[in-house]
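Student: So that we are looking at the same thing, I have put the structure below in structure tokens.
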Amino acid sequence: MTTHTPKKLWIGGQAVDGEAAVAPLVSINPATGAVNYEVAAAGAALADAAVRNADDAARGKAWRQMLPPQRAAILSRIADGMERRSEALAQLQMLENGKVWRECQSQVKSAAATFRYYAAVCETTGSEVTPSRGDYLSMSVYEPYGVVAAITPWNSPMTMEAQKVAPALAAGNAVVLKPSEITPSAALLLAEIATEAGLPDGILNVLAGTGAQVGAALVEHPKVRMVSFTGGTESGRRIAETAARKLMPVALELGGKSPHIVFNDAPLDAAVAALAGGIFEGSGQSCVAGSRAFVQRGVYDEVAAKLVATARALKVDLPDAPGAEMGPLATFAHRDKVAGMVDSARRAGADILVGGQRPDAARLAAGAYYLPTVVAGIDNQAAIARQEIFGPVLCLIPFDDEDDLIAQANDTAFGLASGVWTRDYQRAWRVARALEAGTVWINTYKQLSIATPFGGFKDSGIGREKGINGMRLYQQPKGIYFGMGALA
């Protein structure tokens, strides 16, 4: 049921009401179509207030001059709080975007581990003494930008928010976090947990609202000195244009149309399982989803048959149903967009080997469900093979040899991730180096580590999150010189 009092926003270490002139967000459960609750929404006025509050906090001594071990201890306590309230965090994500329960639990665990990782990075990463070229001592130190705006998507809110907030805080910044209007609640609870952990007031602020009303105001704000964004490519372009005018650094993790490649010598059962998991897990709503399956002709028919059988066997169900493997898409509008793209491919002559429709189970009729779908009879120039669908739709495309494969795999505007299945490790190495992608998985897929840098080539973004340098992403280097000559 809709709550009469919307969930509040978080500014300066306390819950605040939304703007009277901005309608609250209505959270819809995509699994059932029922209203979950309302969440207060911000507009430009609260965006300004949050940024100014964050700027004051960033300039104050409480956080900026806090010793690294003390800052790390707070990050660790945030992880502790997330683990204590993991059921609540997972429940919020499941209600708002429909991910199956076990995936929600896994993502909360991963998010807490991200805070622990950056606590360690914060405490152990030092500055450098640089080689002298004269009678001086020189060193590099790293300073926070001040206020960082973090804008996160709806598909994996907990992991994305931790991936931005933890390193930005470890770097000494204040953060204004704008979660997706579809999945705002976990971020609001995270801010409460952070305050309980001892994070100084104003260092983490959370504003629910739309990109047009809040996101744009944050990016344009003169006191926001760095933006980290994960989302669609066109939104990323607009942010980059604003950042160029402000001479402001950005980190952009954008769309993907990742090639997932199977050679004739691949272990087919393992490869097919990975192909299915790489696109159907999370209902395909993943930036690294292996949405283009390139299969060498010698095994194409066998792989296609195995994929169809795997897709038919997947349990599409309510997210909290026992054994559920795939839930709904995050919104009804997005489900309809995905269905429309498959219907368009069908009209253009594509073969829909499996799926291509909503499930017919009565218990799922009110939700935003769409069956796992395999599209064949197309080439790499088909519209459905070039556009990011962001749904459980796999494009199956044959290739002849290594040169043919590389040409097709790289013939895309995107370059986020890729996968290669072969028993020939010399070939795996050649193909991995030739692929224009920020991540290449070999004989595995969607293995992710917070310790490994992550980002995209081409239209899939700029900058690298994760890893030790994931903290440096939110800092600017400063050179300091000490003259070593005698003073008069």
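Student: Determine which member of the set A23, A42, A88 is of a type in the set (G, A, S) and part of a helix (DSSP H, G or I).
Tutor: Result: A88 is the single residue among A23, A42, A88 that is of a type in the set (G, A, S) and part of a helix (DSSP H, G or I).
Student: For the range 118-144, name all the residues that are aromatic (F, W, Y) and surrounded by 21 or more Cβ atoms within 10 Å (Cβ to Cβ).
Tutor: Y118
Student: Mind telling me which of the residues Y445, Y425, Y474 ends up being hydroxyl-bearing (S, T, Y) and under 30 Å from Q357 (Cβ atoms)?
Tutor: It is Y445.
Student: Being touching a Phe, Trp or Tyr at 6+ places or on another chain (Cβ under 6 Å) and among the basic types (K, R), is that true of even one residue in the range 461-477?
Tutor: Looking for residues that are touching a Phe, Trp or Tyr at 6+ places or on another chain (Cβ under 6 Å) and among the basic types (K, R), one finds at least one in the range 461-477, hence yes.
Student: For the range 144-154, state whether one or more residues are among the aromatic types (F, W, Y), out of contact with any helix residue (DSSP H, G or I) (no Cβ under 6 Å at 6 or more places or on another chain) and outside any loop (DSSP other than H, G, I, E, B).
Tutor: Within the range 144-154, not a single residue is among the aromatic types (F, W, Y), out of contact with any helix residue (DSSP H, G or I) (no Cβ under 6 Å at 6 or more places or on another chain) and outside any loop (DSSP other than H, G, I, E, B).
Student: Another question, then. For A413, which of the numbered conditions (1) touching a residue at least 60 places away in the same chain (Cβ under 8 Å); (2) touching a helix residue (DSSP H, G or I) at 6+ places or on another chain (Cβ under 6 Å); (3) closer than 25 Å to Y118 by Cα fails to hold?
Tutor: (3)
Student: Let me spell it out: the conditions are (1) in contact with a Cys (Cβ under 7 Å, 6 or more places away or on another chain); (2) part of a loop (DSSP other than H, G, I, E, B), and Q93 meets all of them except one. Which number is the exception?
Tutor: In the conditions (1) in contact with a Cys (Cβ under 7 Å, 6 or more places away or on another chain); (2) part of a loop (DSSP other than H, G, I, E, B), Q93 misses (2) alone.
Student: Between a residue in the range 282-308 that is within 30 Å of P153 (Cβ to Cβ) and assigned to a strand (DSSP E or B) and any residue that is at pLDDT below 95 and hydrophobic (A, V, I, L, M, F, W, C), which pairs come within a Cβ distance under 9 Å, given they are 6 or more apart or on different chains?
Tutor: none
Per-residue answers, yes or no, for (1) surrounded by fewer than 17 Cβ atoms within 10 Å (Cβ to Cβ); (2) in contact with a Cys (Cβ under 6 Å, 6 or more places away or on another chain); (3) assigned to a strand (DSSP E or B); (4) not hydrophobic (A, V, I, L, M, F, W, C):
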| position | (1), (2), (3), (4) |
| --- | --- |
| L46 | no, no, no, no |
| A50 | no, no, no, no |
| N53 | no, no, no, yes |
| W63 | no, no, no, no |
| P69 | yes, no, no, yes |
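Student: Would you please list the contacts, defined by Cβ atoms under 8 Å and residues six or more apart or on different chains, that run from a residue in the range 325-351 that is within 18 Å of A365 (Cα to Cα) and touching a residue at least 60 places away in the same chain (Cβ under 8 Å) to a residue that is outside any helix (DSSP H, G or I) and acidic (D, E)?
Tutor: Partner pairs satisfying both residue conditions: E325/D317; M326/D317; G327/D317.
Student: Considering only residues that are closer than 18 Å to K257 by Cα and β-branched (V, I, T), which ones fall in the range 420-478?
Tutor: V420, V431, T439, V440, I442, T444, I462
Student: Looking at the structure I just gave you, is R358 part of a helix (DSSP H, G or I) and surrounded by fewer than 22 Cβ atoms within 10 Å (Cβ to Cβ)?
Tutor: Spelling it out, it is not the case that R358 is part of a helix (DSSP H, G or I) and surrounded by fewer than 22 Cβ atoms within 10 Å (Cβ to Cβ).
Student: If I go through the range 203-260 residue by residue, how many of them are buried (at least 18 other Cβ atoms within 10 Å of the Cβ) and under 18 Å from G456 (Cβ atoms)?
Tutor: Residues in the range 203-260 being buried (at least 18 other Cβ atoms within 10 Å of the Cβ) and under 18 Å from G456 (Cβ atoms): 22 in total.
Student: Out of the residues in the range 162-173 that are in a loop (DSSP other than H, G, I, E, B) and of a type in the set (G, A, S), which is surrounded by the fewest Cβ atoms within 10 Å (Cβ to Cβ)?
Tutor: G172
Matching residues to (1) part of a loop (DSSP other than H, G, I, E, B); (2) more than 15 Å from A293 (Cβ to Cβ); (3) outside the structural domain of A345 (by TED's automatic domain parsing); (4) in contact with a Phe, Trp or Tyr (Cβ under 6 Å, 6 or more places away or on another chain):
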residue	(1), (2), (3), (4)
A385	no, no, no, no
F390	yes, yes, no, no
T412	yes, no, no, no
R427	no, yes, no, no
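Student: Collect the residues in the range 220-244 that are among the basic types (K, R) and either in contact with a Lys or Arg (Cβ under 7 Å, 6 or more places away or on another chain) or modelled with pLDDT under 95 (or both), keeping them in residue-number order.
Tutor: The answer is K223, and nothing else.
Student: I would also like to ask the following. Just to be sure I understand the filter: pairs with C-beta atoms under 7 Å, separated by 6 or more residues or on different chains, first member in the range 18-45 and of a type in the set (F, W, Y), second member surrounded by fewer than 19 Cβ atoms within 10 Å (Cβ to Cβ). Which pairs pass?
Tutor: That search, which allows pairs on different chains as well, returns Y37/T2; Y37/T3.
Student: Looking at this structure, is G278 in the same structural domain as E181 (by TED's automatic domain parsing), in contact with a strand residue (DSSP E or B) (Cβ under 8 Å, 6 or more places away or on another chain) and assigned to a helix (DSSP H, G or I)?
Tutor: no
Student: Quick check: anything in the range 78-98 under 24 Å from the mean Cα position of the chain (by Cα), assigned by TED's automatic domain parsing to the domain that holds K109 and on the phi > 0 side of the Ramachandran plot?
Tutor: Among the residues of the range 78-98, at least one is under 24 Å from the mean Cα position of the chain (by Cα), assigned by TED's automatic domain parsing to the domain that holds K109 and on the phi > 0 side of the Ramachandran plot, which makes the answer yes.
Student: Restricting to the range 197-238, give me the number of residues that are under 18 Å from V148 (Cβ atoms), part of a helix (DSSP H, G or I) and in contact with a Leu (Cβ under 7 Å, 6 or more places away or on another chain).
Tutor: 2
Student: Is there a residue in the range 438-460 that is surrounded by 15 or more Cβ atoms within 10 Å (Cβ to Cβ), more than 21 Å from T114 (Cβ to Cβ) and free of Cβ contacts under 8 Å to residues at least 40 places away in the same chain?
Tutor: yes
Student: Considering only the range 174-190, state which residues are surrounded by 24 or more Cβ atoms within 10 Å (Cβ to Cβ), within 24 Å of E83 (Cβ to Cβ) and either more than 18 Å from the chain's Cα centre (by Cα) or hydrophobic (A, V, I, L, M, F, W, C) (or both).
Tutor: Scanning the range 174-190 gives V175, L177, A186, A187, L190.
Student: List pairs: first in the range 172-188 and in contact (Cβ under 8 Å) with a residue 60 or more places away in the chain and within 11 Å of W154 (Cβ to Cβ), second assigned to a helix (DSSP H, G or I) and small (G, A, S), Cβ under 8 Å, 6+ apart or cross-chain?
Tutor: These pairs meet every condition: E181/G211.
The values are calculated or read from the model by the stated rules, or taken from the named source; none is laboratory data. All of these numbers come straight from a predicted model, not from anything done at the bench. Heads up, the Cβs are rebuilt from the backbone with ideal geometry, glycines too, and the neighbour counts pull from every protein chain shown.
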